[in-house]
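Engineer: Pasting in a structure now, in C-alpha cells, and then I'll have a few things to ask.
The values are calculated or read from the model by the stated rules, or taken from the named source; none is laboratory data. For clarity, every value in this text was computed on a predicted model and none was experimentally measured. All Cβ positions, even for glycine, are placed from backbone atoms using ideal geometry, and neighbour counts span all protein chains on display.
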Amino acid sequence: MDDIKESVRAAARSLARVLTGILTRSLEAGDSALKNAGAMLSRVLPFLLSGSGLESSAEDTRNFAVVTLLQIVKKSNAKTLNPHSPELVERLLGLLSSLEPEAVNYIHLNASKYNITEQKLDDMRLQSVRSSPLTESIDRCLDLADADTMKALIPHIEAAMKNAVGLPSKVGCSRILVTLSTRHNFLFKPYADGFLKLIQKYVHDRNDTVASSYAASAGYVARVASDKQLLSTVAFCQKLYFSSEDDKSRIAAGDIILSISKNAADRFTSLSSDLLPFVFLAKHDTHETVKKLFEDTWSDNVAGSRAVLLYLKEIVALADQYLESQKWVLKHSAAKTIADSIISITPGTEKIDVANAKIIWPTLDKAMGGKTWDGKEIVLEAFVRFVERGVSLWAEDSKVAKQIEKIAIREAKRTNKPYRPFALEALGKIAKARTDLEISGTVEEIVAAVLDEVVKDEDDGEKMDVDGGEVMKDVVLYVPFFQFLLPQHQQTLTPNIAKRRPSQHASPHFSTLPTLPNSHLQIFRNKFLRSSLWLQRQTPRMTRMCTSPLSHLSKISSKACQQISPSRSRELSKR
C-alpha cells in the first residue's frame, strides 16, 4: 500500500479490504469460528501495530491500519479480544495525539494571531477526544475486560500515562481512570491506591487543561481508594497549598479537593474534620481562582455560617500556625480566616461565650500584630466585633482587657492613609463598648493630630488644591470619621456660628451642631465646622460630601468623651 506505483497501491488496498472483511466476518461468526478468529487476530494485530501499519511513513497505510483496528475492536467478543486488550489500549491512547491534525498544534502556538485563547482551543481539543472513535474503542476494551485482563492492563495504562506527549493522549489517560472508577470499580479497586498516588505527579503538568483533568480524575479514583491513601492525598493537597511558591500549585490543590467533594461526597464527609478547616482557610486566598475553588467546596459541604462553630478549634489552630509563615499570601489568608470565624459565630446580636473567646483571643491578638496591609481592615472589623460580643472574656481577664486597649490605640495611631479611617472608627466603637475605660485624653491627642493634618485656617486656603489634589483628598477621607466623633446631646447653635446669617450656610446641618460640656470636644467641633465652611465656599460638591451624614453624629466615641476627668477638662480649657 506504500508502493511508488499507483496501480500497485490500488491492488493492495483492494486485497486489504477483502482480508479485513474475512477477518470481521470470522469475529462475528460466534463460537464455531472462535478458534480461527483467535488465530487470525494473533497474526493480524502485531502486523497492524508494527512499522507496516500504525507506524508506517505512508499516511494511507496508517489510516487503513487505524480503521481496521477499530473494526476489529467493534466486532470482537471478550474471549478473542481480551488477550490483546492491554497492548491495544496503550497504543490507542498514543494514537489520540498522533492522529490529531498538525494544524491544531500550529494554531495552539499562534493562538494570539487568530484571536483565540489557548484555553478555548484546549477545550475544543478536549471535546474532540471525548467524541473520538478511538475513545469508543478504548471503552469497549475496558468493558470486555475481566479480572485477569485488568491485571495485565494496569502496567500498560501506567506506561501510556508516562509516555503520553500531546494533550489528547494525556486527557485520554485521565479519562480512562474515570471510566475504571465508575463503570468497573469492582475490578479496579485493588489498583486504585496506586493510581491515586500516581496522579499526584501529573497534576503538575504545565498545561492547565491536562492538570485539571488529572485533578478531576482524582475525585473519581477516591471513591474506591483506601482510607490510608485518601488521607495521604489530603496531606499532599495541604502540602501543595502551603509549601508551593506559585499560584498554579494552589489551584491544583483546590481542583483535587473540589473533585473529591463532588465525586466522592461520602468519602469527603468521613474526613470532614481534616478537610473543612483547611478548606475554610484556603477560601480566603488572595488569588481569585484558588479562592473560588475552595469557596465552592465549602458551600457544597456546609449548610451555613454557624457550621464554623463545629470546627472552630481546628480552624483557629490551623490559622495560628500560618500566621507566622514567611509567605504573605498564607499570613494574610490566616488573618482573614480568624476574622471570618468571628463574624460567622456572631450573627445578629449573639455573644461569644467564654470558652470560644479563649480559643479565639490568642490568635486574634497575633493577627492584629504587624504592619498594615491591603485588607487588614477586615481583621480590624472582626476585632471590634470580638470586643463588642466577647464581654465574657475581657470583663473577667484584666490582661486581655489591657491588651485590647493597647491594640485599639496602636491601630488608631497608624499613619497609613487608606487604613487610618477604619482604625479611628474602630477606636470609637471600642471606646463605646468598653464602659470600663477612661481614654479620653488619648483619644483627644490622636484626633487632634489628625485634625491638625487635614484642617487648615482660612488664611491658608489658597495653599490647598481645590481641583482635587492630595490635601483635598485627605479632607474628604477623614470627614466621615469627624462626623462620627461628635457625641449627640442637644441641638443648639454654637456661639461662633450663631452670629452668621442662615444664608451663609449651604446646608441646615451647619446651623445645628451638638453643644458639648467638655471643652476639648468643643475645640474638635469648631475645627470640624470651620473645615466644612471652608469646603462650602470652595466647592459645593465637596460640601455635600462632608455634610450629608451630619444627622448621624456621635455613633462611636461618646463614652470616651463623657468620661474625661475634671482636671483634664481644665487643662484643655486653658489651650
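Engineer: Has the stretch 111-123 got any residue that is over 35 Å from the mean Cα position of the chain (by Cα) and either assigned to a helix (DSSP H, G or I) or more than 18 Å from S169 (Cα to Cα) (or both)?
Structural biologist: no
Engineer: Would you mind stating whether P155 is touching a residue at least 60 places away in the same chain (Cβ under 8 Å) and in contact with a Leu (Cβ under 7 Å, 6 or more places away or on another chain)? Give the derivation first.
Structural biologist: Working: touching a residue at least 60 places away in the same chain (Cβ under 8 Å): yes; in contact with a Leu (Cβ under 7 Å, 6 or more places away or on another chain): no.
No, not satisfied.
Engineer: Kindly indicate which of L48, L34 is of a type in the set (A, V, I, L, M, F, W, C), modelled with pLDDT of 75 or more and within 27 Å of K151 (Cα to Cα).
Structural biologist: Only one candidate qualifies: L48.
Engineer: Quick test for you: out of F186, F236, F242, pick the one residue that is in a helix (DSSP H, G or I), touching a residue at least 60 places away in the same chain (Cβ under 8 Å) and surrounded by fewer than 24 Cβ atoms within 10 Å (Cβ to Cβ).
Structural biologist: Being in a helix (DSSP H, G or I), touching a residue at least 60 places away in the same chain (Cβ under 8 Å) and surrounded by fewer than 24 Cβ atoms within 10 Å (Cβ to Cβ) holds for just one of F186, F236, F242, which is F242.
Engineer: Condition check: surrounded by fewer than 17 Cβ atoms within 10 Å (Cβ to Cβ), hydrophobic (A, V, I, L, M, F, W, C) and free of Cβ contacts under 8 Å to residues at least 24 places away in the same chain. Does A147 satisfy that?
Structural biologist: Criteria not met by A147.
Engineer: Still on this structure: Filter the stretch 202-238 down to the residues that are within 16 Å of the chain's Cα centre (by Cα) and under 23 Å from S325 (Cα atoms) and list them by number.
Structural biologist: C237, Q238
Engineer: Going by what's in this entry, would A355 be described as surrounded by fewer than 16 Cβ atoms within 10 Å (Cβ to Cβ), without any contact (Cβ under 8 Å) to a residue 40 or more places away in the chain, assigned by TED's automatic domain parsing to the domain that holds K239 and farther than 24 Å from S244 by Cβ? Quick ask: steps written out before the conclusion?
Structural biologist: On the way: surrounded by fewer than 16 Cβ atoms within 10 Å (Cβ to Cβ): yes; without any contact (Cβ under 8 Å) to a residue 40 or more places away in the chain: yes; assigned by TED's automatic domain parsing to the domain that holds K239: no; farther than 24 Å from S244 by Cβ: yes.
No.
Engineer: Tally time: how many residues in the stretch 413-426 are in a helix (DSSP H, G or I) and either in contact with a Pro (Cβ under 6 Å, 6 or more places away or on another chain) or under 19 Å from A335 (Cα atoms) (or both)?
Structural biologist: Quick first cut of the stretch 413-426, residues in a helix (DSSP H, G or I) only: 420-426.
With the extra rule that they be either in contact with a Pro (Cβ under 6 Å, 6 or more places away or on another chain) or under 19 Å from A335 (Cα atoms) (or both), the set shrinks to 420, 422-423, 426.
The qualifying residues number 4.
A quick yes/no check of all residues on (1) in a helix (DSSP H, G or I); (2) of a type in the set (S, T, Y); (3) buried (at least 23 other Cβ atoms within 10 Å of the Cβ):
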| position | (1), (2), (3) |
| --- | --- |
| G172 | yes, no, yes |
| S181 | yes, yes, yes |
| Y191 | yes, yes, no |
| L196 | yes, no, yes |
| K201 | yes, no, no |
| H204 | no, no, no |
| V210 | yes, no, yes |
| A215 | yes, no, yes |
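Engineer: Could I ask something else about it? Restricting to the stretch 70-89, name every residue that is within 45 Å of the chain's Cα centre (by Cα) and farther than 20 Å from M150 by Cα.
Structural biologist: Correct list: L70 only.
Engineer: Continuing with the same structure: Need the failing condition index for R223 against (1) in a helix (DSSP H, G or I); (2) within 14 Å of N263 (Cα to Cα), just the number.
Structural biologist: Against the list (1) in a helix (DSSP H, G or I); (2) within 14 Å of N263 (Cα to Cα), R223 comes up short only on (1).
Engineer: Right, next: Do we have L109 as of a type outside the set (G, A, S) and under 22 Å from I176 (Cα atoms) here?
Structural biologist: No.
Engineer: Contact list please: Cβ distance under 7 Å, first residue in the stretch 434-445 and small (G, A, S), second residue surrounded by 15 or more Cβ atoms within 10 Å (Cβ to Cβ) and assigned to a loop (DSSP other than H, G, I, E, B), pairs at least six apart or on different chains.
Structural biologist: S440/Q563; S440/I564
Conditions (1) within 22 Å of Y311 (Cβ to Cβ); (2) surrounded by fewer than 20 Cβ atoms within 10 Å (Cβ to Cβ); (3) among the charged types (D, E, K, R); (4) within 31 Å of the chain's Cα centre (by Cα), marked per residue:
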{"site": "I359", "(1), (2), (3), (4)": "yes, yes, no, yes"}
{"site": "S392", "(1), (2), (3), (4)": "yes, yes, no, no"}
{"site": "P421", "(1), (2), (3), (4)": "no, yes, no, yes"}
{"site": "R434", "(1), (2), (3), (4)": "no, no, yes, no"}
{"site": "E438", "(1), (2), (3), (4)": "no, yes, yes, no"}
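Engineer: Separate question: Go through the stretch 126-170 and give me each residue that's outside any loop (DSSP other than H, G, I, E, B) and farther than 26 Å from P101 by Cα.
Structural biologist: L142, D143, L144, A147, D148, T149, M150, K151, A152, L153, I154, P155
Engineer: For a quick check of your reading: which helices (runs of 4 or more DSSP H) sit entirely within the stretch 256-368 and have at least 1 residues that are modelled with pLDDT under 90 and closer than 24 Å to V221 by Cβ?
Structural biologist: It comes to 272-282.
Engineer: Quick one: is K248 closer than 17 Å to E288 by Cα and either part of a helix (DSSP H, G or I) or at pLDDT below 90 (or both)?
Structural biologist: So K248 fits the description; yes.
Engineer: On the given criteria, is T80 touching a Gly at 6+ places or on another chain (Cβ under 6 Å), of a type outside the set (D, E, K, R), part of a helix (DSSP H, G or I) and crowded, with 18+ Cβ neighbours inside 10 Å? First the steps, then the outcome.
Structural biologist: On the way: touching a Gly at 6+ places or on another chain (Cβ under 6 Å): yes; of a type outside the set (D, E, K, R): yes; part of a helix (DSSP H, G or I): yes; crowded, with 18+ Cβ neighbours inside 10 Å: yes.
So T80 passes the test.
Engineer: Somewhere in the stretch 265-285, is a residue basic (K, R), assigned by TED's automatic domain parsing to the domain that holds I404 and farther than 21 Å from W394 by Cβ?
Structural biologist: So far as the stretch 265-285 goes, no, none of its residues is basic (K, R), assigned by TED's automatic domain parsing to the domain that holds I404 and farther than 21 Å from W394 by Cβ.
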